[in-house]
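The values are calculated or read from the model by the stated rules, or taken from the named source; none is laboratory data. From a predicted model like this one, the values you see are computed outputs, not experimental measurements. Ideal geometry is used to build each Cβ from the backbone, glycine not excepted, and the neighbour counts take in all protein chains shown. Accessible surface areas use protein heavy atoms only, side chains included; no ligands, DNA or RNA. Shrake-Rupley method; radii C 1.70, N 1.55, O 1.52, S 1.80 Å.
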Number of protein chains: 2
Amino acid sequence: MTRYRALAEELARSIQAGVFRPGERLPSVRQTCSARKVSPATVFQAYYLLEAQGLVESRPRSGYYVAPHPPPRLPEPETPSRPDGDSRTLDVSALVFGVLESAMQRDLVPFGSAFPSPLLFPLSRLGRALATSAVELDPWRTVDDLTPGHAELRRQISQRYLVDGIEVAADEIVITNGALEALNLSIAAVTRPGDAVLVESPCFYAVLQTLERSGLRAIEVPTHPREGVDLDALEAAIGRHAPRACWLMPTFHNPLGATMPESAKRALVELLAAHDIPLVEDDVYAELHHAPKRQPPAKAFDRNGRVLHCSSFSKCLAPGYRIGWVAAGRHRETIARLKLTSTLNTNVPAQLAIARYLQRGGYERHLRRLRATLAAQQAQYLDAITRYFPDGVRVTRPQGGYFLWLELPHGNDALALHRQALEHGMSLAPGPIFSARREFGHCLRLNAGHPLDERADAALRTLGTLVARRQDRASPDGVA
Amino acid sequence: MTRYRALAEELARSIQAGVFRPGERLPSVRQTCSARKVSPATVFQAYYLLEAQGLVESRPRSGYYVAPHPPPRLPEPETPSRPDGDSRTLDVSALVFGVLESAMQRDLVPFGSAFPSPLLFPLSRLGRALATSAVELDPWRTVDDLTPGHAELRRQISQRYLVDGIEVAADEIVITNGALEALNLSIAAVTRPGDAVLVESPCFYAVLQTLERSGLRAIEVPTHPREGVDLDALEAAIGRHAPRACWLMPTFHNPLGATMPESAKRALVELLAAHDIPLVEDDVYAELHHAPKRQPPAKAFDRNGRVLHCSSFSKCLAPGYRIGWVAAGRHRETIARLKLTSTLNTNVPAQLAIARYLQRGGYERHLRRLRATLAAQQAQYLDAITRYFPDGVRVTRPQGGYFLWLELPHGNDALALHRQALEHGMSLAPGPIFSARREFGHCLRLNAGHPLDERADAALRTLGTLVARRQDRASPDGVA
């Protein structure tokens, strides 16, 4: 395939997947050239082709825009969640484990999984970096690279922030056993048992489990399935509850896929700073943006070290290596000490290997390929869902990550559907595991991080049928 | 050197180091043959040589015994600790960090370090195992080897228990980020904030830090510097405080080096079982026995899954790899779930590498060499201490591990001595960091896990002088 056709196909998939919406401006020719390392001619040819296909339209002296297209049969969810506004202790961990453990068999189609396909990662190239690091290991590194972690790896991470225009000193970074440890240390650093913490509704189940385990109270804040947390509601909750921390996922939210607009992220950081509330920012999907443009984290707007920015290499480069970090701002010292008394240190050869891999280059090339694959897979999943699922279903079009969030017509019980799906050889992540009050009983998170092969396609078709049947039974006109 | 001379030298060092005490029976010829894989003739020759040197004596129809020798100039500490018997919340972490962080510079002579020399480990052979594991990594392992951990590694660990006659099913084992995570998960699994926990006095500072961080109360139990925790006192404390857990290090205790006799370990497990109190057993130095015979853990006497046996490869094989485990008995499920919500998983390539190393053999050979080296180093340190330290100093003769515990004459302030030692280019671990009430102000833990090279020898001589000077100042007859 020629370059321009490849580029046009990729953009077409992004448009179909909702990454670029009708009426939105496409990246400029110059932006695209520099992001893709292609010539202007290639970009123009790609845009001409898309124009000929009716997918984009040019506007003189302005650029290329996504053409209006007929509303898709299955619309996006548009209603923000409506939690009750109370703060509460939690009792959901057993439900979450029950669901997750039932879905752990490898032969299931992994719609309920939290991981993308491990085949998407450069594990053998990374393995060679690890091999070299391991064989050449200076024994004293095992003593010197204690928490906060290997200096060169922290420097490389600091550099990546800088490329995005964010100043994070290497000294501010503490290496952790994956992002989950970073998040746990962060919330431990800024709270004490009994404190209330602001979270999204729905939110990643591990947030709820951590709060439950730590004796913290959750305040669920209304969250829009595309735009993320509602700042007015957040401000009201601050006034009502005097929370001690805020734990959010402002970019490619799990499970919604929502991304807060830049202006909202800035306003969020300012609002929290005004109330002296630290923000624990989970940003593990940051690298998985489908469009060329990266979404800045809330950390980008942090002026006084109140944002604890947590991420890892597990979702974008090195699954199983368990290398994450927190850019901990003013809490760096507390975090390092918590880490020293809880897990002491992080695997040294793996830290060296990732530092070596980042130094040698190739990471950007891998990420471009990974992003394109995930965007394409999302388009395929959306297409299949549109074909197999009944009217009344709503589905998100996230701009990054690999999760789709489905709102099923009322009458669908996601927990029952989950059990039924297991019998049909697939796992699901039912809505209630993402909620302190077991809400979202008619919602599902679907993993689009695995190729939509024949088996997965057949499973989606079965799932669509199961949903339609439940709907029929629930509806008064249905044939039960 | 001939084999028998090498064996004789090793035994002589063990006798000098106090591993075998005057009047104690040496291992039988048959035991020694099988433990060392040498012929009976070699063992006999070694014993004849030791007899000729006056170090051992034979008793007809009974075997070889360590000859009585004149009491060493610096005796062992013999007084058990006398904590006040109260239960208390903790406030020692800042002191501990202050001391540890001041001692972190690489150019210091590491008497205060918790780690042995990293040069004692087969890091390049292990690195080759890691290289192979990394390059041949099946990507699906990164998904399948989630907590409780890589099945083959758990099987290998289970096998090592079995060789020692302890039945621990692979299913009971959860792989962790080093022993410290295993210990933290264990104590979290069996307590809630506010609970009281039985610990030794003195005890490893990380125990105190974990209890402080977790809002737990400590009950310090009298502990003998050679025989470990006092069971009568333990029983009294149980009656008085209704503790929820017991956290001990019955073998090669840190910092004392004490090892509970087998009968005491058995009685400990029975006593705790009678009161339904779980035992968190820290056994990280288990492999580092100086004498041929292995010390069974308390876990060996566990009949009903109440002992959570925590260990790791960090001190005996793979520093920096952060691979530990807990054999969690009846708490296995709770521990696995705590791990899933705190650090999710443990580095997969490192788990595979250690499993591969254990499979290929060579571990026993490495351990024999490591044990001999540590025993020899301990003898050298004891010898130097005897030469350089003044009368009135007492020093332990542990049968394993690499820590010496020194009781200095009263008038010595270990925290002040620590600061003074830093100025002289060496670190120390002063007694108060091992105590909830900052006791043991006249005690030191000294790391004998690094070769006693010229620099270390000179540092020991300086330290001896500093101790003698403080003593002189304190004594009424001293020349200030």
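Our estimate of slack between B:ARG437 and B:ARG5, defined as 0.36 nm per intervening residue step minus the Cα-Cα distance, is 150.7 nm. Ordering A:PRO193, A:HIS450, A:PHE111 by the projection of their Cα atoms onto the charge dipole of chain A, which places +1 on the Cβ of Lys and Arg and -1 on the Cβ of Asp and Glu, puts A:HIS450 at the extreme positive end. Tell me whether chain A comes out rounded, prolate or oblate; compute the Cα gyration tensor, take square roots of the eigenvalues as a ≥ b ≥ c, and use a/c under 1.5 as the rounded threshold. Rounded is the answer for chain A, as its axis ratio a/c remains below 1.5.
Label-to-label distances for A:GLU101 across copies, nearest first, come out at 4.1 nm, using points 7 Å from Cα in the beta-carbon direction. In this structure B:TRP405 has an accessible area near 10 Å², from a 1.4 Å probe over the protein heavy atoms.
Ranking B:HIS442, B:HIS289 by solvent-accessible area of protein heavy atoms (1.4 Å probe, all protein chains present), from largest to smallest, gives B:HIS442, B:HIS289. Residue ranges A:457-470, B:166-179, B:345-358 sort as B:345-358, B:166-179, A:457-470 when ordered by packing (mean number of other C-beta atoms within 10 Å per residue, highest first). Given R0 = 22 Å, the distance between the Cβ atoms of B:GLU364 and B:SER28 translates into a calculated FRET efficiency of 0.65. Summarised in one figure, the compactness ratio Rg/Rh of the stretch A:1-105, Cα atoms and Kirkwood Rh, is 1.23.
For the listed residue pairs B:LYS293/B:LYS315; B:LYS265/B:LYS293; A:LYS265/A:LYS293; B:LYS37/B:LYS299, the alpha carbons are over 23 angstrom apart in B:LYS37/B:LYS299. Could you please state how large a percent of the accessible area of the stretch A:3-66 is carbon and sulfur, counting protein chains only and using a 1.4 Å probe? Its accessible area is 50 percent carbon and sulfur atoms. Rounded if a/c is under 1.5, else prolate if a/b is larger than b/c, else oblate: which is the protein assembly as shown, with a ≥ b ≥ c the root eigenvalues of its Cα gyration tensor? Note, shape of the protein assembly as shown comes out prolate. Out of all DSSP beta bridges with both ends in chain A, state the antiparallel percent to the nearest 5. Percentage antiparallel, nearest 5: 60.
Placing unit charges on each Cβ (+1 for Lys and Arg, -1 for Asp and Glu) gives the protein assembly as shown a dipole about its Cα centre, and among A:HIS224, A:VAL168, B:GLN380 the Cα reaching farthest toward its positive end belongs to B:GLN380. Computed from point charges on the beta carbon alone (+1 for Lys and Arg, -1 for Asp and Glu), the dipole magnitude for the stretch A:344-390 about its Cα centre is near 200 Debye. Here chain A is treated with +1 on each Lys and Arg Cβ and -1 on each Asp and Glu Cβ, and its dipole about the Cα centre works out to around 1160 debye. Taking a straight line from the alpha carbon of B:LYS339, these aspartates and glutamates sit under 17 Å away, with near neighbours fewer than eight places off in the same chain left out: A:GLU101, A:GLU181, A:GLU212, B:ASP144, B:ASP145, B:ASP171, B:GLU172, B:GLU181.
Note on the protein assembly as shown: with charges restricted to the Cβ of Lys and Arg (+1) and Asp and Glu (-1), its dipole about the Cα centre is near 2160 debye. Position A:ASP472: other-copy label points at 10.0 nm, ordered by increasing distance, label point 7 Å along Cα→C-beta.
Calculated [222 nm] ellipticity per residue, helices only, for chain A: -13000 deg cm²/dmol; basis is -39500 (n - 2.57) per DSSP H run with n ≥ 4, divided by all residues, nearest 500. Here the contact order of chain B, divided by its residue count and restricted to Cα pairs under 8 Å and six or more residues apart, works out to 22 percent. Between B:ALA6, B:SER87, B:VAL269, the Cα set farthest toward the positive side of the dipole of chain B (charges on each charged residue's Cβ, about the Cα centre) is that of B:ALA6.
Placing a label point 7 Å from Cα along the Cα-to-Cβ direction at B:ARG155 gives distances to the equivalent points in the other copies of 4.3 nm, listed shortest first. Here the stretch B:36-64 and the stretch A:1-76 have alpha carbon centers that stand 87 Å from each other.
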